[in-house]
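Have a look at the structure below, then the notes.
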Amino acid sequence: MNEAAAQYSPSVTEATGVVRTVVAEDVLLVREGIQRILDGYDDIEIVAAVGDLAELLDAAAEHHPDVVVTDIRMPPDFRDEGIQAATRLRTDAPDTGVVVLSQYAQPEYALRLLEQGSRRRAYLLKERIAEPDQLAAAIREVAAGGSVVDPSVVEQLVAGARRASDPMTTLTPRERDVLAQIAQGRSNAGVAAALYLTERAVEKHINSLFAKLGLSAEPEVHRRVTAVLMYLSR
C-alpha cells in the first residue's frame, strides 16, 4: 500500500533518525494509549499531545514535527477536523506528514485526504492502534515522503472498478509512467514536464487510463485519486 519515497527537504528525521511526532486525539485515554504505544519505539519521539484542531495547528506551528498523527473527528465540530488539519498543513508545512486515524472505512474520507496528492499522507482505521508495528511503520513511511492507505479502504475503492482481469495489466508503459507521476501529486503540467511530454499528450494518456480502469463515469477528482489508490495497491 506504500508509495515509493519521493525527494523531500532535509528534516530532523534525516539528521537524527528520530521522527518527531504530534498526537491529536480528543479522548484522553485513547490519546495516552497512542503515546504509550509510540513511546515504545526508539525512533519516534512525541513532542506534543493535544485534543482539538486549534491545539493541533498550534502544536504543528510551534514544534515543526515530522509527522502528525490525528483522529479524523475532534472538537470543535466533530466532523472532519483531521482532514482539515491535513489540508492546512499541505500549505503551511508541506514537509510535515499526516497520519489520519479513523473508525470509518468509507472511501470518501480517504479520497478527500488524498485529493491534493498522496505524498506524506496516510489513512488508517483506528483498529490499527492494536497493531503497533503497523502504526509505527505508517509514521515512518509518511516521514520519508511516502503514503499508506488502509487495505480495507483500498478494497472498497477498487471493488467497483475491477474487471475479470486486473485492469492495471491493460495500461501501456507510458500510461503507467503517467499514473506514477500523478501518484506523486503532480498536475497535468507537472507530469508533462517530468516526462518531457506535451500537456495535450498527458491528457490523452490520462483519459485512456481512466477508461481502462473503469473510472470514466466518476467525478474528475475521484477518478484521479481512485486511479492512484489502485496503482498503490499494486
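The values are calculated or read from the model by the stated rules, or taken from the named source; none is laboratory data. None of these values were measured; they are calculated from a predicted model. In this analysis, Cβ positions are derived from the backbone assuming ideal geometry, glycine residues included, and neighbour counts consider all displayed protein chains. Surface accessibility is based on the protein's heavy atoms, side chains included, excluding ligands, DNA and RNA. Shrake-Rupley method; radii C 1.70, N 1.55, O 1.52, S 1.80 Å.
For the range 105-116, the Karplus equation 6.51 cos²θ - 1.76 cosθ + 1.60, evaluated at θ = phi - 60°, returns couplings of 8, 4, x, 4, 5, 5, 4, 5, 4, 9, 5, 9 Hz by residue, with Gly and Pro reported as x.
By accessible area, using a 1.4 Å probe on protein heavy atoms only, the range 172-234 has 51% of its surface on carbon and sulfur. When 195, 29 are compared by accessible area of protein heavy atoms, the largest-first order is 29, 195, using a 1.4 Å probe.
The H on the amide N of residue 149, modeled in the peptide plane, is under 5 Å from the matching H of 123, each at least 5 residues off or on a different chain. For the chain, the dipole from Cβ point charges (+1 on Lys and Arg, -1 on Asp and Glu) about the Cα centre works out to 1240 debye, to the nearest 20.
According to the calculation over all Cα-Cα pairs in the chain, the P(r) per 10 Å bin from zero is 8, 33, 34, 18, 7, 0 %. One decimal place: the segment residue 194-residue 220 gains 7.2 nm when fully extended, by the rule 0.36 nm per residue minus the C-alpha distance. Between the helical axis of 173-183 and the longest alpha-carbon principal axis of the chain there is an angle of about 30 degrees.
For the chain, what does the relative contact order come out to in percent, with C-alpha contacts under 8 Å and a separation of six or more? In percent, rounded to a whole number, it is 20. Counted residue by residue at 0.36 nm each, then reduced by the alpha carbon distance between them, the extension gain from residue 42 to residue 62 reaches 4.9 nm. Residues in the range 70-81 carry Karplus couplings, in order, of 9, 5, 6, 10, 8, x, x, 10, 6, 10, 8, 4 Hz; the curve used is 6.51 cos²θ - 1.76 cosθ + 1.60 with θ = phi - 60°, and Gly or Pro positions show x.
Note on surface exposure: 204, 212 rank 204, 212 by accessible area, highest first, 1.4 Å probe.
Between residue 29 and residue 125, how high is the FRET efficiency from 1/(1 + (r/R0)^6) when r is the Cβ-Cβ distance and R₀ = 25 Å? Nearest 0.05.
0.85
Proximity of backbone amide H atoms, modeled 1.01 Å from N, is registered between residue 102 and 124, 125, 126 at under 5 Å, excluding neighbours fewer than 5 places apart on the same chain.
Amide H to amide H distances under 5 Å link residue 45 with 19, 20, 21, where only residues 5 or more positions off or on other chains count and H is placed in the peptide plane.
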